[in-house]
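Throughout, read-outs are computed from the coordinates displayed, never taken from laboratory work. Fair warning: this is a prediction, and the values are worked out from it, not measured in the lab. Here Cβ is always computed from backbone atoms with ideal geometry, including for glycine, and neighbour counts include all displayed protein chains.
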Amino acid sequence: MAAVVAVAQLVSIGNASADDNNGQSPYPVFPQLPFPVPPPVPGFDTGVLGHYPGHDPGFYYPAGDIVASKQPGEIIAAREMVPSFFSLIPMDVDGWQISYRSNNSRGEPIAAITTVLKPRGSRPTNLLSYQAAEDSLAPHCAPSYFVQQASIPPNYAGTVEPSLEMLIPLYALAHGYAVSIPDHEGPQNAFGAGPLAGQIVLDGVRAAENFAAMGLERGRDTLVGLVGNSGGAIAAGWAAELWDSYAPELKVVGVAEGGTPADMTTMVDLANGQLAAGLIYAGVLGVAREYPELDQYFQLHLNPLGKAMIGPTSTVCMGWSVTAFFPFLNIKGLFDVPDMVREPVPAAVLSKLKMGRNTPKTPMFIYHSNPDWVAPVGSVNELVDNYCRDPQARVEYNRTHANEGFSLFVMAQPRVMSWMKDRFDGVPVADHCIRNDVAGIALEGEAKDRFDEQVGPRVVAIAQQAVDAASRQ
C-alpha cells in the first residue's frame, strides 16, 4: 500500500517559478539545474570537526559576515529544485531549497538549509516540518542532497530509510499542507546534537514563512506541526522543548515523535557490542562536532583504532553504518578509559543532550517500541514522566509490544498523520496525559480506516493519470 501511495502522489501534487518574488527579493533565487545535470556531489570530512569545500560551498557555506548580518530564520539565498522519490521519480510540486541564518548551541550564527515544498500554485495555511532521520555524518546523507533528482541513489548511498520517509511529506502535500524538510544536523553534520537541531528546525519554519514564493503567512497565521522519528525525533523533540523560548511567535499546534533517542548515555550502554553500535558511534562523533570540549577529549583519549575509524564513519550514511560498517562494535573499547560516558567531560556534554528539561507547551504524540534495540524504552518512559509532572502537559504516549523500532516507524504513520491532521483541524486534545500500552499501533483500526478513506480514492485516480502519462511518452 505504501509504495502505491508514494508513486501515485508523485504525479498528483509541482514547479512554480522563482519569479513569484517579482525580482524584488533581498536575496538571490537561483534557477533549478537543467535536466539531466545532477546536483553537486558533496565532499567528505575525515575528522571530528571539519569543513566540506566540495559540498556546494556557495550555497551551504556562505561567508560568515553575511550569515551574522541576518536574524535567525532570515533568508540568505534560495534555489529552485526538482524533488524526487528515491532520487529518480520527480515529484510534481513547487520546490525550493533555502539557505538561512540559524544559531548553534553556543548562540553563534550559522547557515542552515531547508527544502520547502507545496502543492503546485497553492497558498497553504498549514506547514508540516518533517525531520528526516539522517543519522549520519556525511553531507551527502542530508535531506537537501538526497531529495534532489539525480542524487546518488539510496541503495548506493545508504539513505534508503530516509528516502522512504518521504512518504510523510508526500501525504502532507496531498492534503494541501506546505512542507519544510530541514538539514537539522547543521553545516557540520553534527548528528545527535539535540539543542542545535531544535533551533535549526524552528528557524527553518521561520525561513519557510519568510519565503514569499511559499505563500505562507508569518507567525500565528500559519499553523505548524512537527514530526520526526529516530534521529528526526531528536530534532522534533528539542524543537518542541525550545519553541516557547526560542521562537514563540510560531503557532506550533502539535509535535509527533517516535523511536525517540531521549538519552544518549543509555543508548551507548545499550548499543555497545550490539547491532546498532556503528550507528551510535556515529552519533557520539557527531556530538563532538558541536561541542569542542568533547572533541578535545576524544583527541586525547581515543585509541589508535578509534581514531582510524573516524574517517570511514564520516563518509557513510545510516544504512551502511548499521549493516556493513561496524555492527557489534565495542564503542567503549575505542577509548583508553573503562567507560568513557561516565568520565566527567563526556558525561557533562551528554547530560546537555538529555531530553525532558522543558515541558513542551504544545500537544505531543509520542510512540515507542518496548523492545526497541536502538533507543531504550526506559529513557522514553522517563521522558514522558518528566513531561507529565507538569499539570499543563498534553501528551499521548503509545508504547507498543509487537513492533521493534524500524517496523514501528512504518506501521505508525497512519496514526501519526491522523493525529496531526486533528491538530491542524483544531480538534481538542485531552487536558493532561494519556498512556496506551498496545500490541501495535497498526492494529488501531480507526486510524487505518481514516487513512484509507483519505488516500484510497486519490490513489486510484492518480495512478491512472500516471499510466496515461507514461503511455503518451
Practice item. Between the alpha-carbon centers of the stretch 195-217 and the stretch 387-402, tell me the distance in whole angstrom. Key: 27 Å
Exercise for review: Using 0.36 nm per residue of separation minus the Cα-Cα distance, give me the extension gain between Leu300 and Arg342 in nm, one decimal.
Suggested key: 13.5 nm
Check your understanding: Is any residue of the stretch 158-198 close enough, with backbone N under 20 Å, to a label point placed 7 angstrom from the Cα of Lys251 along the Cα-Cβ axis, and if so, which?
Key -> 172-173, 175-180
Exercise for review: Could you work out the relative contact order of the stretch 264-352, using alpha carbon pairs under 8 angstrom and six or more residues apart, expressed as a whole percent?
Suggested key: 44 percent
Review point. For the stretch 264-352, what value does the Rg/Rh ratio take when both radii are computed over Cα atoms and Rh is the Kirkwood radius, given to two decimals?
Key: 0.92
Practice item. Compare the peptides 335-341, 242-248, 220-226 by average per-residue count of other Cβ atoms within 10 angstrom and give them in order, highest first. Key: 220-226, 242-248, 335-341
Point to revise | Using θ = phi - 60° and Karplus 6.51 cos²θ - 1.76 cosθ + 1.60, couplings along the stretch 238-253 (whole Hz; Gly, Pro as x) | key: 5, 4, 4, 6, 8, 3, 5, 9, 9, 9, x, 6, 6, 9, 7, 9
Point to revise | Gln71-Ala308 pseudo-label distance in nm [points 7 Å out on the Cα-to-Cβ vector] | key: 5.3 nm
Review point. List the lysines whose alpha-carbon lies under 29 Å from that of Lys251, not counting same-chain residues fewer than 8 positions away?
Key: Lys70, Lys118, Lys352, Lys354, Lys361, Lys421, Lys448
